[in-house]
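Working notes for the structure below.
The values are calculated or read from the model by the stated rules, or taken from the named source; none is laboratory data. Note that the structure is a prediction, hence the values are computed from the model and not measured. With ideal geometry, Cβ positions are generated from the backbone for all residues, glycine too; neighbour counts draw on all protein chains shown. Ligands, DNA and RNA are stripped out before the accessible areas are found, and what is left, the full protein with its side chains, is counted by its heavy atoms. Shrake-Rupley method; radii C 1.70, N 1.55, O 1.52, S 1.80 Å.
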Amino acid sequence: MIKVRSVLAIFVAISMFSCDDKQVFDKYQTVSESWEIDEEISFELPKLDSVQTYNLFINVRNTNDYKYSNLFLISEMKFPNGKVVTDTLEYDLAAPNGEWLGEGFSDLKENKLWYKENINFIEEGVYTITLQHAMRKNGEVDGINSLEGITDIGFRIEYAQNP
């Protein structure tokens, strides 16, 4: 009986601390053994309140197999009316001393990276976010075909201010 109560108490405590009142959308897609240069990762966004303001994040999980300190991404936001906004983004995944940034206890680190802030989704219809890596070695024109060490790519939407 004591074990049951202990387990129940732990479950309740975890549930209370894991509540995330800002989260609106949070999805991940697993990358195969390596993230290929032509592999696009897309997220179809849910219907969002047009008067609410949101912050958008790209989540990246990497292991020690990742050979670089940064990550270049090409992002596309496709609007319901057909408009497309394309951005080239660079994020640091490691500090200058080589220590991984992000959260995690093992060799798997998770980075929550700012994408856009205070965004309103005023058009009716489907918005799609597409991400593709754009890594290149210094001095080379051609990109890195297979990017090892990235395990998952996620997209997160939070309320900019609680509704």
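Would you check if LYS67 is surrounded by 15 or more Cβ atoms within 10 Å (Cβ to Cβ) and either touching a Gly at 6+ places or on another chain (Cβ under 7 Å) or closer than 20 Å to LYS27 by Cβ (or both)?
No: the conditions fail for LYS67.
Which residue pairs have Cβ atoms closer than 8 Å, lie 6 or more positions apart in sequence or on different chains, and pair a first residue in segment 22-39 that is under 26 Å from ASN145 (Cβ atoms) and in contact (Cβ under 8 Å) with a residue 40 or more places away in the chain with a second residue that is open to solvent by 50 Å² or more (accessible area, probe 1.4 Å) and basic (Lys, Arg)?
As it stands, the answer is TYR28/ARG61, since those pairs meet every condition given.
Could you check ASP87 against (1) open to solvent by 50 Å² or more (accessible area, probe 1.4 Å); (2) part of a strand (DSSP E or B) and say which number it fails?
Among (1) open to solvent by 50 Å² or more (accessible area, probe 1.4 Å); (2) part of a strand (DSSP E or B), ASP87 violates only (1).
Sort out which residues of segment 136-148 are buried (at least 19 other Cβ atoms within 10 Å of the Cβ) and in a loop (DSSP other than H, G, I, E, B), and write them in order of number.
Across segment 136-148, the qualifying residue is only ILE144.
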